[in-house]
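Accompanying notes for the structure given below.
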Amino acid sequence: MNSPAPKSQAAVSPPQEQDTLYAVRQKVYMRAVSGIFATWRWALVWITQIIFYGLPWLMWNDRQAVLLHLTERKFYIFGWVFWPQDVFFLAILLIISAYGLFFFTAIAGRLWCGYACPQTVYTEIFMWIEQKIEGDRNKRMKLDKAPMGPRKIAIKAAKYGAWGAVALWTGFTFVAYFSPLEELLKSASTLAFGPWELFWILFYGGFTYLFAGVMREQVCKYMCPYARFQAVMFDPDTLVITYDESRGEPRGARKKGVDPKAVSKGDCVDCGICVQVCPTGIDIRQGLQYECIGCAACIDACDQVMDKMEYPRGLIRYSTENAIKKGWGSKEILVHVFRPRTLIYATVLVIISLAFVWGLATRDPLRVDVMRDRMSLAREVEGGMIENVYRLQVMNMTERPRTFVFEATGLEGVRIANNQPIEVGAASTQSVNMQVLVPYDAGKPGANEVFFVVYPEDEPGLKLREKTTFLFPR
Amino acid sequence: MHKLIQVLWPSFLVAGVVEVIFFTVINPRELYLFGDPVYLDPLATYSIGFFAFWLICAASSLTTVYFQRTSDDINHLKLHQ
């Protein structure tokens, strides 16, 4: 690493082919890298994983703060309880995520892939473990070439063991989002998990191990649907990781500090370190490729080499197609961030996000479904009244028990027989049968509109009107 | 191996999406199996549901892979039998 100059392209790719799942693959031995973008990547590893591993342990209102309780069919998210009827919010959230992805991709390419995607994050963690146990790139390549022996077995076992522990913990955490952590911990202390809980811990943990430990860049190259279509969101003003060909070529080795012009060469010293650090094993100098996940490891690596050579940084840098072609500086690149495509994405994103917040803020903490009783249509009862029977499902979406009052309106003299307030438990549903009585001359034969009005006893302002039909005999 | 992944992976992705949509709309406690209410633990129903979807989607992927063979592949096969 002291003098990158004499290394040539031949040292770049270790010819060790593996016939794996998708295509013949040369194992990528990624060289560790440090620098500003590596720091960003690690910052995102920390942020996302503190959230992921920590959230199930957070408590709120004496319960798990975030619990997508599948058995109860209720999603607890901090102060909210979502029911299957709230699927609207989930849909909006997915649309917001999609537009967010479009927006960021249009501005700066695969930011998601390079920094925040779980595949990147877990690969980063698994590679860190690999590096700690097996050593740096050269040691790893040597170890893999070495014949099997006690030392190799011990090192490999330690690595696989550490990976396995992380994977299991990840699987456990994943299941804790869907099944209460408290119960999981109790089962964990006796190792008596429910069969399906255990299955999903192993399933998710197993896939984490497989994707982050074994398959790595193949997931991005062959399995990721996003990688296949992200290019349509690119335009000539999208920031992508670019090798400045006009500055770098003709590439070639030379001694440290030599002026490139003096040896009639470009700034690229052809050390191949940009290829060695690439997690997908591509050569960025061949231009933008769909395999590039935009992790910027090559930028960090090349900047270090440029520093050593005492050349200016940025031979590989974030730039745009137009900027390279027209020789723009960072100011012009910044101006071109504001273009119709990004402005439209941003506008849509803001509008949908506001709609989401508005919907959440004005969400009724009460919902009532009214169903007609199918057994009895309309019945004449004492006192010249017509009776229809309904089944009301009352959902109390607050986290405290509430008493609800019922009224019927919409027809002259309409009333509910044996009308009584009903208590519904915290975040639960209660079904109740109601007989509605209407004087026989108050409506036309056939269907008539009536309304149930429901409100909590302690908050009469929250009136919910549910429309239904009242049948008169013909 | 390549073919196997071509069948299993896309079907896995689609099965995940179908699972979410299906069980958002349908409560596993409201399902009937051969006329009897499903008595299983909901977690088991979700899980079995997922694998059923996966299997169905995999069958579709398998058919795609099967029909993708070119006439050369098929003719070649016959010649050497």
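Whole-Å semi-axes of segment A:366-472's equivalent ellipsoid, largest first, each the root of 5 times a Cα gyration tensor eigenvalue?
Equivalent-ellipsoid dimensions as semi-axes: 26, 13, 11 Å.
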| request: Averaging sequence separations of C-alpha pairs under 8 Å and six or more residues apart, then dividing by the length of chain A, give the relative contact order as a whole percent. | output: 15
| For segment A:428-435, in order, what is each residue's ³J(HN,Hα) by Karplus, 6.51 cos²θ - 1.76 cosθ + 1.60 with θ = phi - 60°, in whole Hz (x at glycine and Pro)? | 9, 10, 9, 9, 9, 8, 9, 9
| request: On a C-alpha basis, how far is the centre of segment A:455-474 from the centre of segment B:15-70 in Å? Whole number, if you could? | output: 38
| field | Cut-off under 5 Å, modelled amide H: who pairs with A:A408 long-range | value | A:I416, A:V453
| query | Looking at chain A, which Cys residues are left with no other cysteine's beta carbon under 4.7 Å from theirs? | reply | A:C113, A:C117, A:C220, A:C224, A:C268, A:C271, A:C278, A:C292, A:C295, A:C302
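For segment B:2-79, build the convex hull from the C-alpha positions and give me its volume per residue in Å³.
Given the Cα convex hull of segment B:2-79, per-residue volume reads 117 Å³.
Ranked highest first by the average count of other Cβ atoms within 10 Å around their residues, in what order do A:284-292, B:59-67 fall? It would help to have the intermediate numbers written out before the result.
Details: A:284-292: 15.7, B:59-67: 12.8.
Ranked from most to least packed, the peptides come out as A:284-292, B:59-67.
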| request: Shielding by partners for B:37-50, please: the mean number of other protein chain Cβ atoms within 10 Å of each residue's Cβ. | output: 3
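If the only charges are +1 at each Lys and Arg Cβ and -1 at each Asp and Glu Cβ, what is the size of the charge dipole of segment A:111-179 around the Cα centre, to the nearest 20 debye?
Values: 10 positive and 5 negative charges, 91 e Å.
Magnitude of the dipole: close to 440 debye.
Please state the equivalent ellipsoid semi-axes for chain A: what are the square roots of 5 times the Cα gyration tensor eigenvalues, largest first, in whole Å?
Working: eigenvalues 796, 166, 56 Å².
In descending order the semi-axes read 63, 29, 17 Å.
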| said: Can you list residues from other chains, or at least 5 along the same chain, whose modelled amide H is less than 5 Å from the amide H of A:F470? | reply: A:N448, A:E449, A:V450
| field | Distance-filtered residues of segment B:29-62 - backbone nitrogen under 14 Å, label point 7 angstrom along A:S187 Cα→Cβ | value | B:41-48
| Separation in nanometres of the label points that stand 7 Å from Cα toward Cβ, at B:I5 and A:N418 | 6.6
| task | With unit charges on the beta carbon (Lys/Arg positive, Asp/Glu negative), name the residue among A:V438, A:I153, A:A98 whose Cα is farthest towards the positive pole of the charge dipole of the protein assembly as shown. | result | A:I153
| When the helix-only estimate is applied to chain B (DSSP H runs of n ≥ 4, each -39,500 (n - 2.57), divided by the residue count), what is the mean residue ellipticity at 222 nm, nearest 500 deg cm²/dmol? | -25000 deg cm²/dmol
| query | In chain A, which helices (entire DSSP H runs) extend 24 Å or more along their own long axis, judged by Cα positions, while averaging at least -1.0 on the Kyte-Doolittle scale? | reply | A:36-54, A:87-108, A:150-176, A:340-361
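If you keep only loop residues by DSSP, which trypsin sites (Lys or Arg not before Pro) in chain B have at most 14 other Cβ atoms within 10 Å of their Cβ?
On the way: sites: B:K3, B:R29, B:R69, B:K78; in loops: B:R69.
Filter output for chain B: B:R69.
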| query | Could you name the aspartates and glutamates in cross-link range of A:K186, using Cα to Cα under 14 Å and dropping any fewer than eight places away on the same chain? | reply | A:E197
| remark: Treating every alpha carbon of segment A:39-166 as one equal point scatterer without solvent, the Debye formula yields log10 I(q)/I(0) values at q = 0.12, 0.21 Å⁻¹ of -0.73, -1.22
| Which of B:T70, B:C57, B:F34 sits closest to the plus end of the dipole of chain B, meaning its Cα is farthest towards the positive end, when Lys and Arg get +1 and Asp and Glu get -1 on the C-beta? | B:T70
| field | Amide H contacts under 5 Å for A:Y318, placed H, 5+ residues apart | value | A:T242
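Coordinate-derived values only; no laboratory data. Note that this is a predicted model, so its numbers are computed, not measured. Reconstructed Cβ throughout: ideal geometry from the backbone, glycine too, with neighbour counts over all protein chains shown.
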